[in-house]
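The values are calculated or read from the model by the stated rules, or taken from the named source; none is laboratory data. The structure displayed is predicted, hence computed values, not measured ones. Neighbour counts are summed over all protein chains in view; Cβ atoms, including those assigned to glycine, are modelled from backbone coordinates with ideal geometry. Calculation scope for accessible area: heavy atoms of the full protein, side chains included, ligands and nucleic acids excluded. Shrake-Rupley method; radii C 1.70, N 1.55, O 1.52, S 1.80 Å.
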Amino acid sequence: MYRAPLQDLSFVLLKLLGPQPLAGCPAHADYSADLAQSVLSESARFAEGVLDPLSRVGDREGAHWSETGVRTASGFRAAYRQFVEGGWPQLRAPAQIGGQGAPLMLATAAQETWASANLAFKLCPMLTYAAAHALEITASPQLQQRFLPRMVSGEWTGTMVLTEPQAGSDLGLIRTRAVPQGEAFRIFGQKIFITWGEHDFTDNIIHMVLARIEGALEGVRGISMFLVPKVLVKDDGELGERNDLRCVSIEHKLGIHGSPTCVMAFGERDGALGYLVGEANHGLEYMFIMMNAARLAVGLQGYAVAERAFQQAADYARSRVQGRNSAAPGSVPIIQHPDVMRMLLEMKAGTEAMRAVTLYTAWQLDLAESHSDAAVRKQTQARADLLIPIVKGWCTEFGVELANTGIQVHGGTGYIEETGAAQWLRDARITAIYEGTTGIQANDLLGRKLARDHGEAMMSLLAQIDAELASDTGSAAAEEVRGAALSAVTLLRETTAGILALGTARTDRALAVAVPYLMMCGFVMGGWLMARAARLVSADAESAHEFNAAKLATARAYVGLLLPRVLGYRQMVLNGSDSIAAVDPALI
Ligand SMILES: Cc1cc2nc3c(=O)[nH]c(=O)nc-3n(C[C@H](O)[C@H](O)[C@H](O)COP(=O)(O)OP(=O)(O)OC[C@H]3O[C@@H](n4cnc5c(N)ncnc54)[C@H](O)[C@@H]3O)c2cc1C
C-alpha cells in the first residue's frame, strides 16, 4: 500500500527552498504554505485511494488492442474520469487558458504521488499537459481556441508522436511526410512506441506529430510539427469524421503494462488531416519545449518509483523474520541486520536527495518563467537548462538501481511476481530510455549546456554551493554532512575543468565519459541539498522530532554510503576515456 511522503514533500517545498521561494513572482502571489499543503494532501488522497489500487490491475491485465480501438485495464477509465472531475488536468496550466496556474514545483510534487502510485496512468495526463503547453506557446490563436481548452480540461488527451522505426534518438531521420492541402496538410507515415496513442478514456486524442513537408531540407532543419486529431473537429466545435489514422498494434513490454504503447499508422487512405503548428521547419525546436517539461517529469518518475519500492521493501523488512544478530536472542526481523539497513538507507537517502534536486530544478523553472526581474529570469533559466539533463539522467538511472535494491531486500520473494516488488523495477526501467536515453541526456549536458557557456552556469552554481556550505552548522552530525558535501563540490569543480579541457581538444573523448560525468553531477547536487537539509533540521527548535531525526540520519547515510561514488566517477571522467577511444569497435 502506497503512502505519499507528505512530510518530506512539504519539507522540501516549504523549508529547503527557503521561506518565500516565489517572492518576486506576481503570477504566484497567492502561493502559500497552506495552499501547497492542501494541494499535496488532495493529490496524495487521489494517489493512495484511486491510483494505487489500480497499479497491480494495470500490470496484470495491461491494455488490449482490437480493430475497434484499445481497451484499458479495469478501473482505469473510471479513474481518469475522477481525475478530470477533480480538476487535476488544469493544475499547472495558466488561468488564461482555463488552468489553475499552480507553480511547477508544486505540480511536480503532486505528480510524484501519482507516479509512485501508478506510473502507467500518470503518463497520460503528463503527455496531455506537455502537448497543451507546446500549443499554448507556439500555435496560432485559431488552433489554440479549437483544441486547447478541451485538452486543458482533460476532455481530450494529447500525445507526443516522434519516434519511427529508423528514427529514435536521431530525429533528423524522420520520414513521415506532410503534403500541403489548402491551409492544412495530409500526413503519411508510420510512428512507433507512442504512449497512450489510443485508448478508451476520451472521445478524441490530439496527436502532436513530427513530419517533413514535401521538399523540406534533410535532417533536423526540415522537420515541422503538426496537430493531428484522432477525430476531426468541425467549425462549431462538434466532433466530425474519424481522421485517417489508427493504432495498428500495441507493444508487449517489460513494464508499465497499463499504458498502451502504440504503433500508429497515419494516412493509410488519403492522408490524415493535420494542422501546422507555428512555423514550418521549426518542429524540433517546438518539440523541445514539450521535452524540457517532459524530461523533468520523467526524472521525477525515476525516484517516484524508487520511493514506492522503498516503502514496500521497508514494510517487508519489518515483518520478515530471519537470522539472528548480536543484540537480541532468537530470530529477528531482517531490518535488524546491518546489511538490510544499508540497503534501506541507500533507498531512503537516495530518493530524498533526488526529490530535493528535482524540486529545486522545478523551482528554478518557476523563477525563470515568472520572476519580475529579467536578470533573475535569465540566470534561473540557465541553471534549469543545466540541471534538467542531470535530473532526467541521474534520477532515472539511480531510480532503477534503487528499485533493484528493493528486490534484494525481499530476497527470493522479491523475484516472484506475486510479491509486487518486481513490478517497480520493470516499471522504472523505461524511465532511463524514453524522452531521450541517458546517453542523449549526457550529450546534451556536455555538448550543449556546458559547451555553450564554457561551463559558466555550472561554475556559478558550484560557487554558490561553496558559499552556502562555507559556514559552520553548529551540530556535529550536520558538520559531517557539510564537510563531505563540500569536498564533493571541490571534486566536481576540478572534474568539470578537466572535461571542458577534454571537450575542447577531443570531443569524442569527452563524450565517452559524459554519462559518468552526469552521474557525478547528480550525486554532488544531492549531497549539497542533503547538507542543506541537515543544517535546517539540526537548527530546528524541535530537532529531536521524529521527522528531523530521520532526515539527519538519511543525510548522514547519503554522505556515508552514496556520496563516495563521486570519487569513482571522477576517476572515470578524468582517466577513463582513453580506455574507450583506444578500442576498435571490431574488437567487441
Ligand atoms: C514504453 C515506451 C514508450 C515510449 N513513448 C514514446 C512516445 O510517447 N512518443 C515517442 O515519440 N516516442 C516514444 N518512445 C520512444 C523513445 O523515446 C525511444 O525509444 C528513445 O528515444 C530511444 O530511441 P531508440 O529506441 O530508437 O534507441 P536508439 O536511438 O537506437 O538508441 C540505442 C542506444 O544507442 C544510444 N545512442 C543513440 N544515439 C546516440 C548518440 N548520439 N550518442 C550516444 N549514444 C547514442 C542510446 O543511448 C541507446 O543506448 C517510447 C519508447 C518506449 C519503449
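See the values below:
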read-out	value
For segment 44-148: accessible area per residue (Å², 1.4 Å)	37
Relative contact order computed over segment 260-338 (Cα-Cα under 8 Å; 6+ residues apart), in percent	15
Cα Rg, Dmax (largest Cα-Cα span) when computed across segment 59-147, Å	14.9, 43
Debye intensity ratio I(q)/I(0), log10, segment 372-460, q values 0.15, 0.17, 0.24 Å⁻¹ (C-alpha model)	-0.66, -0.75, -1.06
Burial ranking of peptide ranges 173-180, 359-366 (average Cβ count within 10 Å, highest at the top)	359-366, 173-180
Cα gyration tensor, segment 5-118 - rounded (a/c under 1.5), prolate or oblate	prolate
Column: log10 I(q)/I(0), Debye, Cα scatterers of segment 196-303, q = 0.10, 0.13, 0.17, 0.22 Å⁻¹	-0.36, -0.62, -1.02, -1.31
Kirkwood-type radius of segment 116-245, with distances r between different C-alpha atoms, in Å	15.4
Lysine-lysine proximity count for the chain, Cα under 25 Å, sequence distance 8 or more or distinct chains	20
Highest to lowest packing among 221-234, 421-434, 390-403, scored as the average C-beta count within 10 Å	390-403, 421-434, 221-234
Accessible-area value, Glu285, 1.4 Å probe, nucleic acids and ligands omitted, Å²	100
Protection-proxy order for peptides 331-342, 161-172, each taking the mean of Cβ atoms within 10 Å per residue, highest first	161-172, 331-342
Surface accessible to a 1.4 Å probe, per residue, for the residues of segment 531-583, Å²	49
Rg over Rh, two decimals, segment 442-588 (C-alpha only, Kirkwood Rh)	1.08
Per residue, in Å², the accessible surface of segment 198-343 once ligands and nucleic acids are set aside, probe 1.4 Å	40
Span per principal axis, largest first, for the Cα atoms of the chain (Å)	76, 59, 56
Rounded percent of accessible protein surface that carbon and sulfur make up, the chain, 1.4 Å probe	54
Helix 33-46 vs. the chain, principal-axis angle (Cα, 0 to 90°, nearest 10)	70
Average projection area in nm² (convex hull over Cα atoms of segment 256-325, one quarter of hull surface)	8.9
Span from the segment 418-467 Cα centroid across to the segment 213-272 one, whole angstrom	29
Cα-only Debye scattering, segment 227-275: base-10 log of I(q)/I(0) at q = 0.18, 0.27 Å⁻¹	-0.66, -0.97
